[in-house]
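The values are calculated or read from the model by the stated rules, or taken from the named source; none is laboratory data. The structure presented is a predicted model; accordingly, all values stated were derived computationally and were not measured. FYI the Cβ positions are ideal-geometry reconstructions off the backbone, even for glycines, and counts take in every protein chain you see. The area values use the complete protein model at the heavy-atom level, side chains included, leaving out ligands, DNA and RNA. Shrake-Rupley method; radii C 1.70, N 1.55, O 1.52, S 1.80 Å.
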Amino acid sequence: MNFRFVVVSAVAVSVLSACPEPMPSKPDGGTGVAPVVTSIAPTSGALAGGTTVTINGTSFVAGATVTFGGTPATATTFDTDRKLTAITPAGASVGAVNVTVTNPGGKASTLANAFTYEMTVVRTLREAVLRNPADSTDSSGAAMVMVPVIAHIDVPGSTNGAGAGSGVRVEVGFSTTVGATPTSNDFTWTAATYVGDVDGPATGDLARDSYSGNVSLAAPTTGSQVIYFLAARVSLDGGQSWALIDRDGSANGALTTELSRMTVLQASVEWCKLGGEVVAAPPSINLRVGAMGPVVYGQVYKTGVTNSAGAGTGIKGAIGYGAVGTDPSTWTWTDATFNVDTGSGANDEFQAVLPNPGSGTYKFAFRFNHSDGPWSYCDADGLANNGFTEDQAGTLTVTAPTIDSCVLQFPDTLTSKEGRQSANVYGRVFVQGLTEAMGAGAGIEGEVGVGPNQDPTTAAWVWTAGTFNIDDGSGGDEYQARFTGPMPGNSSYAYRFRLSGGPWTYCDRDGSMNGVQPAQLGALTASAFDVDNCVFEATNFAQTVLPSAMTQPYRATVLVETLTDSAGQGTPLTVQLGYGAQGTMPSTWTWAAANYIGDSTTADRYELAIAAPAAPATYEVAYRVQVGTRPFVYCDRDGSQNGFTQSQAGSLTVSAGLISACRLTSVQSTGSMPSGDALGLRAVT
């Protein structure tokens, strides 16, 4: 079935522009606030009037009035301080008119030429569909239940395209008694407003406008439930005629079986509220992820049940939370337990720990029932006032933990060697709900950094990961770390911490609460890393051997701070023994790697025996030591601290091996002189 309505289309009438609408005078002695009109939708409609217009702006007040071209709207609804809904009156002529909002007290705001009255044309309602579910139930126990009714309207040439279609007027209604074929007279109606564009029969075809309006359904005062029928209706001629809308659309007429049914149950308790005995503002609770929620209380009353001592028989309570804008019956609920009698013994108070659902913003409330009857949902101003409303529910905000504070704990000053690990540097971090527990707080990272005496967030700083050390006894965690000594000079150091890969919080000696200040950074003095001392030991420092014979071991002691002061051989060290002709430069000598033989207090000891040269002579002998790739340091008998002098070097004398004595061992008893070989001479060297 198609419905035909007389509506209008835009026609420019230039002659009218010569006679602009008179601007309403603005009272100068009014009271109250001044409204501001920013926009309206739709911006055009029938000359006959009847177009539902949404007026947007700020500082609207209940009781505000609206005029179109100086003529009052036929109906005005205060929605919020930012939105009014008005129905246009009949226009005097085709063309644009001013729209004016006037607050009680007389202060007004005008949007010039905001609405255009249009010439009459014929338009057809192609389809209109009720979008509410076939059946739904409310068991909140509220005295009045507010239910949104939604309809989608399809008017070719009007609703297709962005924004509200011109000349469309929609109302929503309810009834407890409907005949087999419903009519508009069966329902109580209230105006609906345009809320957006929706797809038509083809996806992406924005051919339909969506309208929504609220109906207030009274809870039963007798019996256990009331069944309401919900519907919508649409007019394209300013309300002179209406098409009734059901769930399978208006094209085939309206049927009772296709209306939406809402069952409102009677509460099983008579009163309940979120919070203690005193009515207070809805609670607002902020938690960190993983932190335990607080204990929350709820009150309940049931005649003849809760006004006895102790927990009322059959009363059950629960605390629940859910996403903003959702039905509390779909929330997550946790059982509560009886706490005490309140209200001079008339009420029961229940308590429960508010769960922590993780990051996000949620609403929370209590609910109660008796003998497993319907649940009553309870907000901060109590069930008896206006039932459960979201604005009176509690608000729970859960945020990811962040570093609350941290400090560079110890030491305030430090020395280091270039390229070597420093002593331990300690930092402390505090994260509420995390570091108070024993052991390392989960997800915390701590680092110590070294850099110029400036902002440690710059790329010039070098950072080294720290490790958890101990709980500091005041709710924080202590970390420790060593860094690699920078180039010689004066530098600074600091700590930084972060949680779960989040942003870093930087900490100096007076903590992170006032930011990082250069004067509060740790002061570092870095020196070159090299051999502190090496000594050619006195034992066997001067030796005499035959050519090519092995010497006794020459020994040396090597001291390199932070390298040789721990057990075992210090690395990276290169230690060599060398010899060369007297008076020659040690760099030209013959060198061989010496052998590590053990520790001596904070030093390492080395030794090496060498094969003597074949040529008899006296040679100078010394040790030399290299740290990493730095230049060799040469070691003599009085140590390397005063440099190398050849007079303090060791020596190696290679003997010539000449005959030093001889004797006759035997002579043959013959009368003639034997040959030299026969004399039996033995040479002694």
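Here is how the numbers come out for the structure above:
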| item | result |
| --- | --- |
| Selection from region 387-425 of residues that are assigned to a strand (DSSP E or B) and buried (at least 20 other Cβ atoms within 10 Å of the Cβ) | G394, L396, V398, C406, V407, L408, Q409, L414, S416, K417, V425 |
| Candidates A128, A114, A162 - the one that is open to solvent by 60 Å² or more (accessible area, probe 1.4 Å) and among the aliphatic types (A, V, I, L, M) | A162 |
| Test: residue in region 536-548 that is within 60 Å of the chain's Cα centre (by Cα) and assigned to a strand (DSSP E or B) | no |
| Region 634-646 - residue that is out of contact with any Phe, Trp or Tyr (no Cβ under 8 Å at 6 or more places or on another chain) and touching a residue at least 24 places away in the same chain (Cβ under 8 Å) and, of those, most open to solvent (accessible area, probe 1.4 Å) | Q641 |
| Checking S260 against (1) open to solvent by 10 Å² or more (accessible area, probe 1.4 Å); (2) closer than 19 Å to I150 by Cα; (3) in contact with a Leu (Cβ under 9 Å, 6 or more places away or on another chain), the condition it does not meet | (1) |
| Flag for A207 being modelled with pLDDT under 90, open to solvent by less than 20 Å² (accessible area, probe 1.4 Å) and of a type outside the set (S, T, Y) | yes |
| Q454 being of a type outside the set (S, T, Y), open to solvent by 70 Å² or more (accessible area, probe 1.4 Å), part of a strand (DSSP E or B) and within 20 Å of D510 (Cβ to Cβ) | no |
| Region 35-58: number of residues that are assigned to a loop (DSSP other than H, G, I, E, B) and modelled with pLDDT under 95 | 7 |
| Candidate set: region 436-447, residues that are more than 18 Å from the chain's Cα centre (by Cα) and over 14 Å from M292 (Cα atoms); chosen: the one most open to solvent (accessible area, probe 1.4 Å) | M438 |
| Top-ranked residue of region 517-535 - restricted to ones that are hydrophobic (A, V, I, L, M, F, W, C) and in a strand (DSSP E or B), ranked as surrounded by the fewest Cβ atoms within 10 Å (Cβ to Cβ) | A523 |
| Only listed residue being open to solvent by less than 40 Å² (accessible area, probe 1.4 Å), at pLDDT 90 or above and farther than 30 Å from Q225 by Cβ, chosen from V149, V168, V172 | V168 |
| Matching strands (runs of 3 or more DSSP E) fully within region 234-292 where at least 3 residues are closer than 30 Å to L396 by Cβ | 260-265, 271-274, 284-288 |
| Hits in region 326-381 (condition: free of Cβ contacts under 8 Å to residues at least 40 places away in the same chain and β-branched (V, I, T)) | T326, T330, T332, T334, T337, V340, T361 |
| D248 vs. criteria open to solvent by 50 Å² or more (accessible area, probe 1.4 Å) and either out of contact with any Lys or Arg (no Cβ under 7 Å at 6 or more places or on another chain) or farther than 22 Å from G49 by Cβ (or both) | yes |
| Residues within region 451-486 that are among the β-branched types (V, I, T), farther than 19 Å from P503 by Cα and in contact (Cβ under 8 Å) with a residue 40 or more places away in the chain, tallied | 1 |
| Residue within region 432-448 that is part of a loop (DSSP other than H, G, I, E, B) and under 20 Å from Q520 (Cβ atoms) present | no |
| Any pair with Cβ under 8 angstrom, 6 or more apart, that starts in region 313-324 at a residue that is within 20 Å of A267 (Cβ to Cβ) and ends at one that is among the small types (G, A, S) and assigned to a strand (DSSP E or B) | G317/G298; G317/A352; A318/A352; I319/G298; I319/A352; I319/A365; G320/A365 |
| Residue match in region 363-370 (condition: surrounded by fewer than 20 Cβ atoms within 10 Å (Cβ to Cβ) and either hydroxyl-bearing (S, T, Y) or out of contact with any Asp or Glu (no Cβ under 8 Å at 6 or more places or on another chain) (or both)) | no |
| Residue ID - modelled with the lowest pLDDT, chosen from residues in region 222-237 that are out of contact with any Gly (no Cβ under 8 Å at 6 or more places or on another chain) and not polar (S, T, N, Q) | G223 |
| Qualifying position, being surrounded by fewer than 21 Cβ atoms within 10 Å (Cβ to Cβ) and more than 19 Å from D237 (Cα to Cα), among P104, P72 | P104 |
| Matching residues in region 329-338 - criterion: being over 27 Å from the mean Cα position of the chain (by Cα) and open to solvent by less than 60 Å² (accessible area, probe 1.4 Å) | A336 |
| Answer residue from region 502-513, given it is open to solvent by less than 50 Å² (accessible area, probe 1.4 Å) and either over 25 Å from the mean Cα position of the chain (by Cα) or among the small types (G, A, S) (or both) and is modelled with the lowest pLDDT among those | G502 |
| Some residue of region 180-189 being surrounded by fewer than 22 Cβ atoms within 10 Å (Cβ to Cβ), of a type in the set (S, T, Y), under 24 Å from I55 (Cβ atoms) and modelled with pLDDT of 95 or more | no |
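Each row is one residue, and each column tells you yes or no for (1) at pLDDT 90 or above; (2) open to solvent by 20 Å² or more (accessible area, probe 1.4 Å).
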residue	(1), (2)
D471	yes, yes
N490	yes, yes
F497	yes, no
S500	no, yes
G515	yes, yes
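Let's see how each residue does on (1) touching a Lys or Arg at 6+ places or on another chain (Cβ under 8 Å); (2) open to solvent by less than 20 Å² (accessible area, probe 1.4 Å); (3) polar (S, T, N, Q):
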{"residue": "V269", "(1), (2), (3)": "yes, yes, no"}
{"residue": "K273", "(1), (2), (3)": "no, yes, no"}
{"residue": "V279", "(1), (2), (3)": "yes, no, no"}
{"residue": "P282", "(1), (2), (3)": "no, no, no"}
{"residue": "V289", "(1), (2), (3)": "no, no, no"}
{"residue": "G293", "(1), (2), (3)": "no, yes, no"}
{"residue": "Y297", "(1), (2), (3)": "no, no, no"}
{"residue": "S308", "(1), (2), (3)": "no, no, yes"}
{"residue": "T313", "(1), (2), (3)": "no, no, yes"}
